[in-house]
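Comments concern the structure below.
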Amino acid sequence: MKIIDLIRFYLEDCNSILDLGCGTGWALNELNKRKMVGIDLFVDHLIKAVDDNPMATFIRGDINNITTYFVRKSFDAIILVDSLEHLTKQEGISLLKACEVISKKKIVVFTPLGDTHNDT
């Protein structure tokens, strides 16, 4: 089963999605939800995301600061696909706590097997 199939399955009952570290917006491109927002730091990724998915909103920003962008319980679900492993352990813990504040229903995380960041 592909990751996007799992994302669709887990988000079946969700109408608003926040994609943290969205990259080129590929995951949101595969979804058809009422409200879709992606955040990424890299402008070149966001340019492609906007070009490929006019139904979503894309923001250039730091996923470590999501509580400055969004209010409590503003999305049904938050997805992090291959994003969490780029953070330190403390940043990851803080981000997941922030996701709990912003998400109404679910937080879905996909990450590669193994440790890609040696910081504790």
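Here are the numbers for the structure shown:
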{"read-out": "Hey, Phe70 over 12 Å from the mean Cα position of the chain (by Cα), at pLDDT 90 or above, within 15 Å of Val37 (Cβ to Cβ) and hydrophobic (A, V, I, L, M, F, W, C) or not", "value": "yes"}
{"read-out": "Selection within region 45-61 - within 18 Å of Leu87 (Cα to Cα) and surrounded by fewer than 14 Cβ atoms within 10 Å (Cβ to Cβ)", "value": "Arg60"}
{"read-out": "Test: residue in region 90-106 that is modelled with pLDDT under 95, outside any helix (DSSP H, G or I) and open to solvent by 60 Å² or more (accessible area, probe 1.4 Å)", "value": "no"}
{"read-out": "Candidate set: region 42-83, residues that are assigned to a helix (DSSP H, G or I) and in contact (Cβ under 8 Å) with a residue 40 or more places away in the chain; chosen: the one nearest to Thr24 (Cα to Cα)", "value": "Ile63"}
{"read-out": "Top-ranked residue in region 107-120 [being surrounded by 13 or more Cβ atoms within 10 Å (Cβ to Cβ) and in a loop (DSSP other than H, G, I, E, B); ranked as modelled with the highest pLDDT]", "value": "Thr111"}
{"read-out": "Pick from region 1-44, criterion surrounded by 20 or more Cβ atoms within 10 Å (Cβ to Cβ) and among the acidic types (Asp, Glu), ranking: farthest from His86 (Cα to Cα)", "value": "Asp19"}
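The values are calculated or read from the model by the stated rules, or taken from the named source; none is laboratory data. Since this is a predicted model, take the numbers as computed values, not measurements. Don't worry about glycine lacking a Cβ; one is built from the backbone with ideal geometry, like all the others, and counts go over all protein chains shown. Surface areas here come from the heavy atoms of the whole protein model, side chains and all, with no ligands, DNA or RNA. Shrake-Rupley method; radii C 1.70, N 1.55, O 1.52, S 1.80 Å.
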